[in-house]
1. Provide the packing ranking of 91-98, 55-62, i.e. peptides ordered by the mean count of other C-beta atoms within 10 Å per residue, highest first.
2. Please give every one of the aspartates and glutamates within straight-line cross-link reach of Lys28, meaning a C-alpha to C-alpha distance under 19 Å, and leave out same-chain neighbours fewer than 8 residues apart.
3. For helix 179-192, what angle does its Cα long axis make with the longest principal axis of the chain, in degrees from 0 to 90 and rounded to 10?
4. Could you work out [θ]222 nm for the chain from helices alone, using -39500 (n - 2.57) per DSSP H run of at least four and dividing by all its residues? Round to the nearest 500 deg cm²/dmol.
5. So what is the relative contact order of the stretch 161-273, in percent, for Cα pairs below 8 Å that sit 6 or more residues apart?
6. Binned at 10 Å from 0, what are the whole-percent values of the Cα-Cα distance distribution for the stretch 28-127, short to long?
7. Output ³J(HN,Hα) for the stretch 109-114: one whole-Hz value per residue in order, computed from phi by the Karplus curve 6.51 cos²θ - 1.76 cosθ + 1.60 with θ = phi - 60°, and x for Gly and Pro.
8. Angle between the Cα long axis of helix 42-65 and the longest principal axis of the chain, 0 to 90 degrees, nearest 10?
Amino acid sequence: MKKFIHQPRFTPKGYSEEVEAKIQHYKKEGYRLPQRHLLRTAQQIEGIRASARINTALLDYIADHIQEGMTTADIDHMVYCFTTDHDAIPAPFLYEGFPKSVCTSINEVVCHGIPSTHEVLKDGDIINVDVSTIYKGYFSDASRMFLIGNVSPEMRRLVQVTKECRDIGVQTAQPWTRLGDVGAAIQEHAEKNGYSVVRDLCGHGCGVKFHEEPDVEHFGKRGTGMLIVPGMTFTIEPMINMGRYDVYIDEADGWTVLTDDGLPSAQWESQILITETGNEILTE
Ligand code: MF3
Ligand code: CO
């Protein structure tokens, strides 16, 4: 019989006995827990991290090249080429029929904007570029806002506060707290600043599939919702509106989500891994 030099930390499934004991405890108390398959194994975590590294490098690349006068189709082209050059696949492409490799959402477009050769980035625009990558079967997802030329102070503030909402959400997503804690923290920060949180779209589990459980709402009540457990990987991606939170889908393309009142909207997205001691930011 061989002796271990170090006590192995993980069971084959990838979590420690301490985590296992806590899961059993909370289960007995009647908490809503993530299904087992949502707790990633060490091998899955390595795969998701590798995908996330490409996704983050892609957003850095976009940040270096995005500029006034370019079309959103140019952004799509950059995303497609960069991703495939890294032996990866743009997850949005043909996902539920989405026709392009990236979502580009300008001003009053909340999300899921479709890149177009007719859509030119102009002075004063704010744009969300949302990229998602499949690498060796693992999924990553993130989005950032970019300011084109001279953006009004009002819109800059919206972009800044939305980023803070995302960051507060990430800081709040600690092991053994609740998804409602995350939503509440985001909602408080948005509303304190006079903005509203979009209700109709949410963050999501992401890693083994593009969109999986749980739904991660960006509003809510503390002490409610699913328990946050080490091994989960999900996105936090608040969409914050300058005006009211109501949105609608463009009938013409079936994708583009716009604000009802026509006022601007911003979004920042990160994907995180819940660890035993906190969380790890996978994408931003
Ligand atoms: N990337 C988006 C998200 O953050 C999803 C886009 S779905 C697509 O979840 F089909 F529009 F790409
Ligand atoms: Co997402």
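The values are calculated or read from the model by the stated rules, or taken from the named source; none is laboratory data. Source: prediction; values computed, not measured. With ideal geometry, Cβ positions are generated from the backbone for all residues, glycine too; neighbour counts draw on all protein chains shown. In case anyone asks, the SASA skips ligands and DNA or RNA and just uses the protein heavy atoms, side chains included. Shrake-Rupley method; radii C 1.70, N 1.55, O 1.52, S 1.80 Å.
1. Values: 91-98: 15.8, 55-62: 19.5.
Answer by packing, highest mean first, reads 55-62, 91-98.
2. Filter leaves Glu17, Glu18, Glu20.
3. Value to nearest ten degrees: 30.
4. Numbers: 5 runs with 84 residues, N = 284.
Per the formula, -10000 deg cm²/dmol.
5. Rounded, it is 30 percent for the stretch 161-273.
6. 13, 36, 27, 15, 7, 1
7. 7, 6, 5, 6, x, 9
8. 20 degrees
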